[in-house]
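The values are calculated or read from the model by the stated rules, or taken from the named source; none is laboratory data. Computed from a predicted model, the values in this text were never measured in an experiment. Note that we place each Cβ from the backbone using ideal geometry, even for glycine, and neighbour counts take in every protein chain shown. For the accessible areas, the whole protein counts, side chains as well, though only heavy atoms, and no ligand, DNA or RNA atoms are used. Shrake-Rupley method; radii C 1.70, N 1.55, O 1.52, S 1.80 Å.
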Amino acid sequence: MKPRMTPILGFLALLLISSICEAAIFRPISDSHRSAAREIFKPIDGSLKSLEDAYEALRTFEILGIEKDLDISTSTCPLIAETFKSSSASLKDVSFALKSNRVLKCKIDGEEFKVVSSRLQAAITKADSLLDFYYSVGSLVLLKDQATHLEIHLENANQVFRSIKALGQSDGRWRYSSKKPESSTRAAGIALETLAGVVSLTSADIDQSLIGTLKNDIVKLFDSIEKYDDGAMFFDEKIVDALEYQGPLSTTSSVVRGLVAFADVTSGKITVSENRILGLAKYFLGVGVPGNPRDFFDQIDALALLENNRVSSPLILSLPSTVLSISRNDQLKVKVNTLLGFKGPAVTVKIVQAASVDSTSAPVIENQDLEYDTVGGFHVLNSLPENIDVGIHEFVFKVVLNDPSQSDIYATGGRTWVKVYFTGEIKVENAEISVLDNDLGNVESRKKLELSADSAISLSANHLQKLRLSFQLSSPLGNTFKPHQALLKLRHETNVEHVFVVGNSGKKFELTLDFLGLVDKLYYLSGKYDLQLTVGDAVMENSFFRSLGHIELDLPEAPEKAAKPPLQPIDPLSRFGPKEEITHIFRAPEKRPPKELSLVFLGLTFVPLVGFLIGLLRLGVNFKKFPTSSVPAAFAVLFHVGIAAVLGLYALFWLKLNLFTTLKYLSFLGVFLLFIGHRTLSHLASPSAKLKAT
């Protein structure tokens, strides 16, 4: 019977493996980013909140190649046209309107472009802050590409270049304006992007000394780059206004935009090492899938710029799986892609070295090239070495371009260290459990265990004896295997548990429990103890949790000052769960008279009413006192209607209404009758008073 893997051990082991491996492996953009983009940039009623949000969504979808999944042109194009026509629109709004229009290609009148061009030219001459230059110059660059019928250039480009350069600092960072002394790394990226726009708009060459100085500033800026242990590199603000702080993701993406934009418009090489470019790429990939739209856009946009730049385009080495099974003879697969997950140039992946991290023995693999699978696009190690054993092995990979001339275009990053987990079936042998005599060490009872399944052994012992458990573990190659967990649990019938660690010496694992020294820990609780053994490890495919049986312990009575067993947690279902159903037998109803007899008595209840009516007819009813004028007659009629309503209310109370509802209605009818009855009696009393007076 194949050993079962306990869910707890298996899940925790895989979780540990995945968490460790994910920390060291960077994977390119995948379909998970595309799925996330559809959710993060989901329009509300066919539109987004602002032109800035619209552009970020459009640009992100364009990079990911899913632009057809975002249809906001109907709502965005009128907003773009309105922004171009409005003289009160801010430079920021105009900038994002042009950026959005670059993707949507809305139908804009050429005269509107001309008006926008004049406004932007005027804004450049009046600009007194870095952001004013950024939005006006950047918008003019976008307008030059979209309004090809207009001749757009900067006549005073050198002066604008010097005005922006004057805000730079000696450490490569920039100020947002001359009025603010604090320098910012994010502002440096904005400045570089703006200066790149100035260079592209000039009709004459910019002073090359200014270009050279700016390249040196870029080198100084990269001297302040920060680094993680996994090789990821990023920029962050040091001292800046809290209102302007955007975080490392926004800051790093700003520097990348500036670097790539400036490299595209200038000649010569910018001195930024490929390791730093690759470190920036690792930082953006290490972010995973951001949940914020702005962060998501910054990540995707920066990766797209790093993939296509004149400095160096990084290549990413990734492994689809870093957990390989020796028993299944899994293949080691490696993939080399661009940052956006596209196929890169032809390369050779070499395993420089692979060795166990827990052993000082010789490497299991050295200087071996992986075979390229043209179907799946993987570099594959077809068969694992025979001398590789379970455990953690550190692989050192090296990516070599097949065409050496491409070394100026692509950054391979030199060597890449990756930890790979090799799992396998562990042999469990010579398992036995025995009860020993405490004085002589003689075996009183010994039983063999088959740990591939639960056992049901039955043992007994007293406080003068010992319990010994032993077994052997060995790897597929017969080497000593030491699992992360080897635990024996004793559970008393009162649910009091005790856990003991099983130690090892070589291949043999052994635990001896001296009950004489454990009576205090066992709280002097005699009775039945269930035995449970747990053995597990991240690389042990047959980790197990076995029930071994039970042992009956006869321990001495507890002294007065002995510790009491801890209170066991109460099962919430026993307190808050459903209660037992209460069954109740109602008293049998008393015997009632026949239905016919009941109907006879019902008829007799109407006899007094009939007698009353007959009496009225015999005596004669006098209606001479009933008012004849309209108003008194109306009050008299309402009074009798009110009396009838009260009688009807009594009937309803008898049939369906409760006392409180009846009293509520009766209170309103009482007030009504009081008022109507007073007016009616006042009218009747008035003629009588006149007769007495005469």
Taking the range 388-544 and dividing mean pair separation by its residue count, relative contact order in percent (alpha carbons under 8 Å, at least six apart): 24 percent
Pairwise label distance in nanometres, residue 162 with residue 109, each label 7 Å out on the Cα-Cβ vector: 4.1 nm
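Stokes-Einstein at 10 °C, 1.306 mPa s, Kirkwood radius from Cα pairs: D for the range 52-209 in µm² s⁻¹? Could you put the intermediate results ahead of the total?
Details: Rh = 16.6 Å.
Rounded, D is 96 µm²/s.
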Spatially close lysines, pair count over the range 485-590: Cα under 25 Å, gap of eight or more or interchain: 9
Spacing of the two label points (7 Å from each Cα toward its C-beta) at residue 576 and residue 327, in nm: 4.1 nm
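Rounded to the nearest 0.05, what FRET efficiency is calculated for residue 510 and residue 562 with R0 set to 30 Å and r the Cβ-Cβ distance? Could you put the intermediate results ahead of the total?
On the way: r = 30 Å, r/R0 = 0.99.
Computed FRET efficiency for residue 510 and residue 562: 0.50.
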All-pairs Cα distance distribution in the range 523-629, expressed in whole percent, bin size 10 Å: 8, 11, 14, 13, 8, 6, 6, 8, 9, 7, 10, 1
Sorted peptide list for 579-586, 484-491, 640-647, criterion being average Cβ within 10 angstrom, highest first: 484-491, 640-647, 579-586
Cut-off 14 Å (backbone N to label point 7 Å along Cα→Cβ of residue 128), residues of the range 174-208: 177-180
Phi to ³J(HN,Hα) by Karplus 6.51 cos²θ - 1.76 cosθ + 1.60 over the range 329-336, Hz, x for Gly, Pro: 6, 5, 8, 7, 10, 10, 10, 10
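Can you tell me the relative contact order of the chain? Whole percent, Cα pairs under 8 Å, sequence separation 6 or more.
On the way: 1084 pairs, mean separation 68.9, N = 694.
Rounded, it is 10 percent for the chain.
Can you order the peptides 296-307, 73-84 by their average number of other Cβ atoms within 10 Å per residue, highest first?
Working: 296-307: 23.0, 73-84: 17.4.
Descending packing order for the listed peptides: 296-307, 73-84.
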Stokes-Einstein diffusion coefficient of the chain, Kirkwood radius over Cα pairs, 10 °C, 1.306 mPa s, in µm²/s: 45 µm²/s
Fraction of alpha-carbon pairs over 15 Å apart in the range 38-117 - percent: 52 percent
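Please report, as a whole percent, how much of the solvent-accessible surface of the chain comes from carbon and sulfur atoms (probe radius 1.4 Å).
Values: 21650 of 38860 Å².
Solvent-exposed carbon and sulfur of the chain make up 56 percent of the total.
Can you tell me the FRET efficiency between residue 118 and residue 71 if r is taken as the Cβ-Cβ distance and R0 is 45 Å, rounded to the nearest 0.05?
On the way: r = 33 Å, r/R0 = 0.74.
Computed FRET efficiency for residue 118 and residue 71 comes out at 0.85.
Mind checking the full-extension length gain between residue 480 and residue 213? Use 0.36 nm per residue of separation minus the Cα-Cα distance, one decimal, nm. The partial results should precede the final answer.
Numbers: separation 267, 0.36 × 267 = 96.12 nm, distance 6.30 nm.
So the chain would gain 89.8 nm between residue 480 and residue 213.
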Check: the chain dipole with +1 on Lys, Arg Cβ and -1 on Asp, Glu Cβ, in debye: 4260 debye
Long-range HN-HN contacts of residue 548 with modeled amide H, under 5 Å: 455, 531, 532, 533
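To the nearest 20 debye, what is the magnitude of the charge dipole of the range 77-146 about its Cα centre, counting +1 on the Cβ of each Lys and Arg and -1 on the Cβ of each Asp and Glu? If you can, show how the numbers build up before the last one.
Values: 10 positive and 8 negative charges, 34 e Å.
Using only the charged Cβ atoms, the result is roughly 160 debye.
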Within the chain, helix-based [θ] at 222 nm, where runs of 4 or more DSSP H residues each add -39,500 (n - 2.57), nearest 500: -13500 deg cm²/dmol
Built amide H within the under 5 Å cut-off of residue 485, gap 5+: 536
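Find the accessible area per residue for the chain; the probe is 1.4 Å, ligands and nucleic acids are left out, and the unit is Å². Spell out each step's value before the answer.
Working: 38860 Å² over 694 residues.
Value for the chain: 56 Å² per residue.
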For residue 274, solvent-accessible area (1.4 Å; no DNA, RNA or ligand), Å²: 70 Å²
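Please report the relative contact order for the range 286-340, taking Cα pairs under 8 Å with a sequence separation of at least 6, and give it as a percent rounded to a whole number.
On the way: 44 pairs, mean separation 18.8, N = 55.
Once normalised by length, the contact order is 34 percent.
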With 5 Å bins from 0: P(r) over the range 443-549, alpha-carbon pairs, percent: 2, 10, 21, 25, 19, 12, 7, 3, 1, 0
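Highest mean first, what order results for 213-223, 464-474 on Cβ atoms within 10 Å?
For the peptides 213-223, 464-474, the packing ranking is 464-474, 213-223.
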Distance in nm between pseudo-label sites at residue 308 and residue 180 (7 Å out along the Cβ direction from Cα): 3.2 nm
Integer Hz, Karplus 6.51/-1.76/1.60 couplings in order for the range 635-648, x for Gly and Pro: 5, 5, 4, 4, 5, 5, 4, x, 4, 4, 5, 5, 4, x
